[in-house]
Amino acid sequence: MTRVARHVVVHGFVQGVGYRWSAAREAARLGVAGWVRNRSDGAVEAVVEGDADAVDAFVGWARQGPRGASVSSVDVTDEAPGHRVSFEIEP
């Protein structure tokens, strides 16, 4: 298993639609760790780490998000894995 981490910034209408809670559910389903939070610029930001296929699946989910979200773009950058073991929703 190759462990990877990605920093994801999701732009569009993504706050106030349950994006962070849905991201946490998706992370649990996929077995990835990390965190998600709202940014002051209206975007949602996350760091996700785990098996490469699971992380890629999370990034794919992030491109659509939950019902009610309207994602206009997603920025994804590689990050060094930080040995995270859970997924947290941050303010």
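Of VAL55, VAL47, all but one fail to be in a strand (DSSP E or B) and either open to solvent by less than 30 Å² (accessible area, probe 1.4 Å) or modelled with pLDDT under 95 (or both); the exception is VAL47. Summed over the range 1-43, the residues that are of a type in the set (Gly, Ala, Ser), out of contact with any helix residue (DSSP H, G or I) (no Cβ under 8 Å at 6 or more places or on another chain), open to solvent by 20 Å² or more (accessible area, probe 1.4 Å) and not in a helix (DSSP H, G or I) give a count of 5.
The values are calculated or read from the model by the stated rules, or taken from the named source; none is laboratory data. The shown structure was predicted, so the numbers you read here are calculated from the model rather than taken from an experiment. Methodologically, a virtual Cβ is constructed for each residue, glycine included, from the backbone with ideal geometry; neighbour enumeration extends over all protein chains shown. For the accessible areas, the whole protein counts, side chains as well, though only heavy atoms, and no ligand, DNA or RNA atoms are used. Shrake-Rupley method; radii C 1.70, N 1.55, O 1.52, S 1.80 Å.
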